[in-house]
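The values are calculated or read from the model by the stated rules, or taken from the named source; none is laboratory data. For clarity, every value in this text was computed on a predicted model and none was experimentally measured. Quick reminder, even Gly has a Cβ in these numbers, built from the backbone with ideal geometry, and neighbours come from all protein chains shown.
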């Protein structure tokens, strides 16, 4: 008599596990900022992700046109730049605050692509959320607050560009294969930016283990999970779960980094989360098409 088959892990649980892994990776990265610049940690995260993806996907087995390679490389440079911007933001802001501000980018993309009253409400809520965070939540007297807010919003703009480029790439070939090529290109392009400090990780086994851990938590685990989860999620469930991700980042920041949010930050996060849910229901949710969410954070 054969053993009974175990029920598969529900897709929503896998989705949230993927998001939790990403933000744990970001939390580990924050811990490394004391010994390495945020941009250097971000570059190592891109490099480790590129190596993991190249080993996994082996994109050289496919035939590539010059146009495909150029598009994938451009996508990778935007993606790497987004990671560098986001890591600078979380070097100056709490993790949940930075993530909430960054979500303005994908909400804007969804709003532009969608129509109707729901879209207008999503835009209004997202803007109110940003105002609540920046006006009531953050302490502008703290050094670096302005820098953190600016970089979080810039990362959101890069995220918007990433979504647009990612959809075009995924329409033509495997998103993961293009992602592997793009991440490698991004690591190469930004290597001169971190040339003076990148060697710090190589000279310390603990630091090298740390940056590899960031890459695994932020990339390998989410990539593997999302290959299973995203294909099993109906659109309404995807919208709901996506709206919970900013709160997940706040929870990780609170538990792991001891970052206690202010009332303004919590209110802003709630407003942004509702905006994300509304925008996602329009069918243009962050990463609803294109390469997986694990390319971020």
*In region 51-65, what residues are surrounded by 13 or more Cβ atoms within 10 Å (Cβ to Cβ), out of contact with any helix residue (DSSP H, G or I) (no Cβ under 6 Å at 6 or more places or on another chain) and within 21 Å of residue 218 (Cβ to Cβ)?*
51, 56
*Selection status of residue 266, at pLDDT 70 or above, more than 16 Å from residue 166 (Cβ to Cβ) and in a helix (DSSP H, G or I)*: yes
*With respect to residue 180, is the statement that it is under 20 Å from residue 26 (Cα atoms), buried (at least 19 other Cβ atoms within 10 Å of the Cβ) and in contact (Cβ under 8 Å) with a residue 24 or more places away in the chain true?*
no
*Collect the residues in region 119-137 that are exposed (fewer than 15 other Cβ atoms within 10 Å of the Cβ) and more than 14 Å from residue 265 (Cα to Cα), keeping them in residue-number order.*
120, 124
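Would you mind stating whether residue 100 is buried (at least 24 other Cβ atoms within 10 Å of the Cβ) and either touching a helix residue (DSSP H, G or I) at 6+ places or on another chain (Cβ under 7 Å) or within 28 Å of residue 258 (Cα to Cα) (or both)?
In short, yes.
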*Could you please tell me which pairs satisfy a Cβ distance under 6 Å, a separation of 6+ or placement on different chains, a first residue in region 125-144 that is part of a loop (DSSP other than H, G, I, E, B), and a second residue that is surrounded by fewer than 21 Cβ atoms within 10 Å (Cβ to Cβ) and at pLDDT 90 or above?*
138/145
*Exclusive hit being under 14 Å from the mean Cα position of the chain (by Cα) and assigned to a helix (DSSP H, G or I), set 84, 53, 14, 74*: 84
*Would you mention how many residues in region 183-203 are in a loop (DSSP other than H, G, I, E, B), at pLDDT 90 or above and either surrounded by fewer than 17 Cβ atoms within 10 Å (Cβ to Cβ) or on the phi > 0 side of the Ramachandran plot (or both)?*
3
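When the residues of region 138-154 are filtered to those that are exposed (fewer than 11 other Cβ atoms within 10 Å of the Cβ) and touching a helix residue (DSSP H, G or I) at 6+ places or on another chain (Cβ under 9 Å), which remaining residue is farthest from residue 100 (Cα to Cα)?
Initially, region 138-154 is screened for residues exposed (fewer than 11 other Cβ atoms within 10 Å of the Cβ), giving 139-141, 143.
Next cut, touching a helix residue (DSSP H, G or I) at 6+ places or on another chain (Cβ under 9 Å) only: 139-140, 143.
Values: 139: 16, 140: 17, 143: 20 Å.
By that ranking, first place goes to 143.
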*Options 70, 80; residue that is without any contact (Cβ under 8 Å) to a residue 40 or more places away in the chain and either touching a strand residue (DSSP E or B) at 6+ places or on another chain (Cβ under 9 Å) or within 30 Å of residue 199 (Cα to Cα) (or both)*: 70
